[in-house]
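Chemist: The structure's right below; bear with me while I get my questions together.
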Amino acid sequence: MEASVILPILKKKLAFLSGGKDRRSGLILTIPLCLEQTNMDELSVTLDYLLSIPSEKCKARGFTVIVDGRKSQWNVVKTVVLMLQNVVPAEVSLVCVVKPDEFWDKKVTHFCFWKEKDRLGFEVILVSANKLTRYIEPCQLTEDFGGSLTYDHMDWLNKRLVFEKFTKESTSLLDELALINNGSDKGSQQEKERSVDLNFLPSVDPETVLQTGHELLSELQQRRFNGSDGGVSWSPMDDELLAQPQVMKLLDSLREQYTRYQEVCRQRSKRTQLEEIQQKVMQVVNWLEGPGSEQLRAQWGIGDSIRASQALQQKHEEIESQHSEWFAVYVELNQQIAALLNAGDEEDLVELKSLQQQLSDVCYRQASQLEFRQNLLQAALEFHGVAQDLSQQLDGLLGMLCVDVAPADGASIQQTLKLLEEKLKSVDVGLQGLREKGQGLLDQISNQASWAYGKDVTIENKENVDHIQGVMEDMQLRKQRCEDMVDVRRLKMLQMVQLFKCEEDAAQAVEWLSELLDALLKTHIRLGDDAQETKVLLEKHRKFVDVAQSTYDYGRQLLQATVVLCQSLRCTSRSSGDTLPRLNRVWKQFTIASEERVHRLEMAIAFHSNAEKILQDCPEEPEAINDEEQFDEIEAVGKSLLDRLTVPVVYPDGTEQYFGSPSDMASTAEHIRDRMKLVSLKRQQLRHPEMMTTES
């Protein structure tokens, strides 16, 4: 009978073994009756359970039963005493009925237990609580009867439940472990497999049971469950009642069987793990050499464009994703194999190393094939990317060449020409890059034979090689056509630059000639103070005219060049309708002004030369000096020169222009008049010599 089955009854504390002993070392069984009616069946069950606890040796010493009837009625007490005859007649040596003071006296006279001793089989005495120590030592009595023995029924019950649970679980566990261990020791493989299938896992956790046992043993060693010296819930009992030896024996047996069981589990786990590893290794190898390799064999192309290469890359990434799952299994298996190799089991080393080598060879070979395929596709994508960029550059260059050039000036032509050269240079760089990428891709394809995945890839490689070479040849032809067009466009643009330059220089020549004309009219106004100075001015003027003539000739040459360039370029020149008339008009004006300047200087030279001859005192030539005609001529030249100074330069278009400012002309005219006055005075002196004498 187990306490857990009758736990509700035991909690009622209908009877208990306090641990106390009588003077004959017999156990004291206490039956505390209460005011409520006691259920005799439950009491009987309680007594049966309590009397099953002591050993036979302990039972042979007999029990002293204390029936506490102080809170109960006499008929209940009598029933309990009579029941003891049926429950424990042989074990009961004395029954002490604790009565209330002077309460049962009359009733006792009606029934004397001592007269029934032979029939009951034990002695029954009625005794007051304070006189119970006559039969039992106070230290063996609980506090309810004035003793010093401490007893906690719920604590005892809880410990009893733990003890019985441990005993039950450990006994059952020992049987299961023994069955498992014995089954593992059998020689027949079929029996071993059958024992593994049926008894591989115990019904309870051995670690938990062992922990419970150790905790229980620790409690027993400290408090000596069901008996211990010191402040505990009950007093010492005989060694037969001590649970410590039983717990220790169960723990020893459990440890022994559990150690064997762990070894059995380790061996089984190792064998199972090895079999699982073998199975997984074969799964990885079979997939990589089967479906995995088949996927790679089906992928041989490189695509004919960026989009096609990207699609192939995406497909390859899907293949890599599937392979990565198996590679993850490979990594896990490799770690498991390494752990088993480190364990150092000699019997499995050869098999494990063989599995590891086989797995590594297959995985590394497949990974290398994947990496080669990925690099090939990446190279193809880069090749097609460069080809597309180059094609776009060629399209842009061709579009630029197909548009007719109509720039506004030479600077824009130079900019356009520079842009054209840059584009052509960029095309050269792109084509060179395409050749490098293409050659690298061809080299990789040529090496594909070593990664042929077990198949002949000559046909597939030829298609790829033809495609790559075709792309490079097509780009080369397109580039050559563009270069030819660029040469033509460059020549045309250089001619246009020259045309604009000629037009600009011709316009500049017109400006220079206009500036020379302006300088002639505004600054070339002096006629000289004497003949020598006037001659110098005339010489300078001629040089000035030579400069203007060169400028005019230069402009004419430039305009003639523009006509030739326009004929070559088949375009109209703006110079013939604008610059040339301007050049001719300015030159005509300059010519007129220059001629006027020459006439004035020549007249001034003649005037100053004649005047200087007359004004000089030259007695050697008196005839010349006295010639009246010379004086008249000088006077006539002077007046003509003065008149000419007041006349403007008249251009063919009717416009007029004066030399210098009025003040400048007035100053020049004043100088001529002064010289004419001197000549006139000289004439008078020659006519009247006495005037010279008087003045002297």
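Chemist: State all residues of segment 1-27 that are open to solvent by 10 Å² or more (accessible area, probe 1.4 Å) and among the small types (Gly, Ala, Ser); if no residue qualifies, say none. I'd like the intermediate steps shown before the answer.
Modeler: Within segment 1-27, the first condition is being open to solvent by 10 Å² or more (accessible area, probe 1.4 Å), and the residues that meet it are 1-2, 4-9, 11-14, 17, 21-25.
Passing the criteria: SER4, SER25.
Chemist: So, one more: Go over the candidates ASP529, ASP553 one by one and state the one that is open to solvent by 30 Å² or more (accessible area, probe 1.4 Å), in the same structural domain as VAL649 (by the TED database) and not in a helix (DSSP H, G or I). Before you say what the answer is, go through the steps one by one.
Modeler: Working: ASP553 fails: not in a helix (DSSP H, G or I).
Unique residue meeting the criteria: ASP529.
Chemist: Can you spot a residue in segment 157-165 that is modelled with pLDDT under 70 and over 60 Å from the mean Cα position of the chain (by Cα)?
Modeler: no
Chemist: If you don't mind, there's one more thing I want to ask. Just name the residue that is most open to solvent (accessible area, probe 1.4 Å) out of those in segment 28-60 that are part of a strand (DSSP E or B) and not hydrophobic (A, V, I, L, M, F, W, C).
Modeler: The extreme case among them is PRO32.
Chemist: Moving on to the next point. Among the residues of segment 467-490, how many are free of Cβ contacts under 8 Å to residues at least 24 places away in the same chain and more than 17 Å from LYS423 (Cβ to Cβ)?
Modeler: Within segment 467-490, residues that are free of Cβ contacts under 8 Å to residues at least 24 places away in the same chain and more than 17 Å from LYS423 (Cβ to Cβ) number 4.
Chemist: Sticking with this structure for a sec: If the requirement is being modelled with pLDDT of 80 or more and of a type in the set (Gly, Ala, Ser), which of these qualifies: ALA90, ALA129?
Modeler: Only one candidate passes the filter, namely ALA129.
Chemist: Only one of MET83, MET1, MET40 is closer than 18 Å to GLU164 by Cβ and more than 60 Å from the chain's Cα centre (by Cα). Can you tell me which?
Modeler: On inspection, the qualifying residue turns out to be MET1.
Chemist: So SER195 passes all but one of these: (1) hydroxyl-bearing (Ser, Thr, Tyr); (2) modelled with pLDDT under 75; (3) within 25 Å of ASN158 (Cα to Cα). Which condition number does it fail?
Modeler: All conditions pass for SER195, except number (3).
Chemist: Something else now. Inside segment 9-27, can you point out the residues that are farther than 13 Å from HIS153 by Cα and either outside any loop (DSSP other than H, G, I, E, B) or not acidic (Asp, Glu) (or both)?
Modeler: Of everything in segment 9-27, those that are farther than 13 Å from HIS153 by Cα and either outside any loop (DSSP other than H, G, I, E, B) or not acidic (Asp, Glu) (or both) turn out to be GLY20, LYS21, ARG23, ARG24, SER25, GLY26, LEU27.
Chemist: Right, here's the next one. Do we have VAL386 as open to solvent by 80 Å² or more (accessible area, probe 1.4 Å) and either at pLDDT 85 or above or among the hydrophobic types (A, V, I, L, M, F, W, C) (or both) here?
Modeler: No: the conditions fail for VAL386.
Chemist: So GLU656 fits all but one of (1) over 24 Å from LYS588 (Cα atoms); (2) free of Cβ contacts under 8 Å to residues at least 24 places away in the same chain; what number is the exception?
Modeler: Status for GLU656: all satisfied but (1).
Chemist: For segment 595-609, what are the residues that are of a type outside the set (D, E, K, R) and free of Cβ contacts under 8 Å to residues at least 40 places away in the same chain?
Modeler: The answer is ALA606, and nothing else.
Chemist: In addition: Quick check on segment 122-144: of everything there that is within 16 Å of LEU27 (Cα to Cα) and assigned to a helix (DSSP H, G or I), which residue is least open to solvent (accessible area, probe 1.4 Å)?
Modeler: Out of the qualifying residues, it is LEU132.
The values are calculated or read from the model by the stated rules, or taken from the named source; none is laboratory data. Model, not experiment: these values are computed from the prediction. Cβ atoms come from the backbone with ideal geometry, glycine included; neighbour counts cover every protein chain shown. Just the protein is used for accessible areas: all its heavy atoms, side chains included, with ligands, DNA and RNA removed. Shrake-Rupley method; radii C 1.70, N 1.55, O 1.52, S 1.80 Å.
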